[in-house]
Amino acid sequence: MQEKAQQIFAQFAQLATAGAPKVDLDRQPPRQIEAAGICLDYTRARIDAQIIELGERLLAAADISGRIEQMDAGEPVNFTEKRPAWHTRLRDPHPGSEVAQARSKACAFANRVRSGEIRGAAGAYTDVVHIGIGGSYLGPKLLCEAAGSGGGPQPHFIGNLDPAASADVLARLEPGTTLVVAASKSGQTAETLANSATARAWLAAKLGEPAAGRQFVAVSANRQAGEIFACPSEQVFRLWDWTTGRYSLWSSISITTMIACGCEFFDRFLAGAHRMDLHAKQAQGIANMPALLALLRCWHSLAMGAQSHCVVAYAHRLRSLAAYLQQLAMESNGKAADRRGKPLDRPAGEIWWGGEGTNDQHSYFQMLLQGGVPIPADFVCFRQPAAGEDEKAHRHLLANCLGMARALTVGRSRQQAVAQLQETGSEAAAAEALSQHLVVAGGQPVNLIIAERLDAETLGALIALYEHQIAIAGWLHGINSFDQFGVQFRTENFAKVLAAIESNDSRGLDPSTAALVSRATGKTG
């Protein structure tokens, strides 16, 4: 099956050498599919019937449905580390499992904090500080921002090792009413250990060491997490070896979300993701929304030379979505070896980036419109505003989203620019001279991802949609989307340099790094 998939992928790549077909929005009927409360409009994706037909064959030959079944069954799809990537299990509603028991323990604790039954040294908790990095930081932060005010203690997040990150958060808080959550799968993450030590010292300086320990919570797969973070065993919440950081927001890593926003929000979030899981397992071919998106990623890379992918959320509460997806996509598919251990002859991943509409329309959108670089984009928007929000302002937000998508697709020719300039009073010669500066090439592929409103279920479905499409793109390229040996290599080099800095001994380092270590330690001549 793998050989057949490679053959069809080669045909797909050959078809791409002709380039991506243009889109005439005036003639092209809408192309849309729906799943788990989300509508995907891919009318602007620059594909045609021939591309779709070959893409269907590629998805079938790559056995995408079988791969999803294997992942969902807990088989070791992370083949380099010989373990599952079982994040779908974390949102499976089956009661009685160890996952359900762990979720129940975390939720019970969160409810007791929210009710004031569990209190800090100076009274009911008013704030909760979440310390993590990577997925154990980005995920809970995204959830709390998306939820808005949840009626519980105010959440705060510390990830960066820079001491200013901790100082800026802790300076605003009262130790006696602040709960600290340390989230580290291994229990050994350098940044989390350092920032947790800072928070612990801050608590102990005001409250004393015993009280500081009672105001600490740990989330980890390390059985010694309670000892590492010196907190009561009943305040240690479990992770599993098969829960990697970038897929961990479905787990007890999000206990801060439960505390700040409530367990009902978190349960509905899981339910929305589970709906998308069922769609990913059951829908076939391009009727499968994540499979279609993965196919479009591959097509735009092959046919247009696209090396990046932009995600813009037209929702302030999803302002961290692009940062979250950046880690999810680039840590998963930033790989250069196939499953046989052979070097790839093409990039498997793209640079993911983006931000928040409408803010970013006044920033990098100039590059998207006139920069001459192919940059496919996803625009995420919602038909209805959240309860209590201004409906007129929301209509303006939607108009910006749809209008920008249209502008990126249709563009503006030189002839149209000349006519427009003359209509506004320019002389013919002046209009001709200026017109090239007004040309917008158009043809940027834009997917519109539209849901009714931003709520917990929709957020869960949206993130699961991206998880599945990133995994499927990895299977199409024949890579392992679930390991992260590059990140581990960074850790090895950090340890070498730190040892050199602390010992003032740079032997074993290259001359440039050794010189920089000398500068950092004040040993330069």
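The values are calculated or read from the model by the stated rules, or taken from the named source; none is laboratory data. This structure is a prediction, so every number in the text was calculated from the model and none was measured. So basically every Cβ, Gly included, is an ideal-geometry build from the backbone, and we count neighbours across all protein chains shown. Note: areas computed on protein heavy atoms with side chains; ligands, DNA, RNA excluded. Shrake-Rupley method; radii C 1.70, N 1.55, O 1.52, S 1.80 Å.
General remarks:
- Whichever aspartates and glutamates have a C-alpha closer than 15 Å to that of Lys523, once near sequence neighbours (fewer than 8 apart) are set aside: Glu502, Asp505
- Ordering Thr17, Ile52, Tyr42 by Cα displacement along the dipole of region 1-144 toward the positive end leaves Tyr42 in first place; charges were set at the Cβ atoms of Lys, Arg (+1) and Asp, Glu (-1).
- Cα extents of region 169-297 along the three principal axes, largest first (Å): 60, 27, 27
- Rounded if a/c under 1.5, otherwise prolate or oblate - region 211-283, Cα gyration tensor axes: oblate
- Cross-link partners for Lys82 among the aspartates and glutamates, with Cα-Cα distance under 15 Å and sequence neighbours closer than 8 places in the same chain left out: Asp241, Asp483.
- Taking a straight Cα-Cα cut-off under 24 Å and skipping sequence neighbours fewer than 8 places away in the same chain, the lysines within cross-link reach of Lys105 are Lys141, Lys185.
- Solvent-accessible area of Ile450 with every protein chain in place, 1.4 Å probe, in Å² to the nearest 10: 50 Å²
- Computed with a 1.4 Å probe over protein heavy atoms only, the accessible surface of region 85-237 comes to 41 Å² per residue.
- Packing here is the average count of other Cβ atoms within 10 Å per residue, and on that basis the peptides 154-164, 136-146, 262-272, 241-251, highest first, run 136-146, 241-251, 262-272, 154-164.
- Centre-to-centre separation between the Cα atoms of region 468-503 and those of region 297-348: 15 Å.
- Mean separation of Cα contacts under 8 Å (6+ apart) over length of the chain, as relative contact order %: 19 percent
- With coordinates expressed along the principal axes, the C-alpha atoms belonging to the chain extend over 78, 65, 58 Å, beginning with the largest.
- Ranked by how many other beta carbons lie within 10 Å on average, peptides 107-119, 78-90 from highest: 78-90, 107-119
- Cα-only Debye scattering, region 412-460: base-10 log of I(q)/I(0) at q = 0.18, 0.28, 0.29, 0.31 Å⁻¹: -0.60, -0.96, -0.99, -1.06
- With all protein chains kept in place, the per residue accessible area of region 332-402 amounts to 55 square angstrom at a probe of 1.4 angstrom.
- Based on protein heavy atoms only, region 451-525 ends up with 49 Å² per residue of surface accessible to a 1.4 Å probe.
- Of all accessible heavy-atom area on region 479-525, the percent that carbon and sulfur account for (1.4 Å): 57 percent
- Taking Cα atoms only, the orientation of helix 263-282 departs from the longest principal axis of the chain by about 40 degrees.
- Over region 55-114, relative contact order from alpha-carbon pairs under 8 Å, at least 6 apart, %: 16 percent
- Relative contact order (%) - region 222-316, alpha-carbon pairs under 8 angstrom, separation at least six: 10 percent
- Ligands, DNA and RNA left out, the accessible area of region 171-232 computed with a 1.4 Å probe is 55% carbon and sulfur.
- Percent carbon-and-sulfur accessible area, region 1-68, ignoring ligands, DNA and RNA, probe 1.4 Å: 47 percent
- Folded to 0 to 90 degrees: helix 391-410 orientation relative to the chain principal axis, Cα: 50 degrees
- C-alpha long axis of helix 135-147 to longest principal axis of the chain, angle in °: 70 degrees
- For region 280-422, a Kirkwood radius taken over Cα pairs fed into Stokes-Einstein (25 °C, viscosity 0.890 mPa s) yields D = 140 µm²/s.
- Cα gyration tensor shape for region 297-346, rounded if a/c is under 1.5, else prolate or oblate: oblate
- Per-peptide packing, taken as the mean over residues of other Cβ atoms within 10 Å, places 353-365, 487-499, 415-427 in the sequence 353-365, 415-427, 487-499 from highest down.
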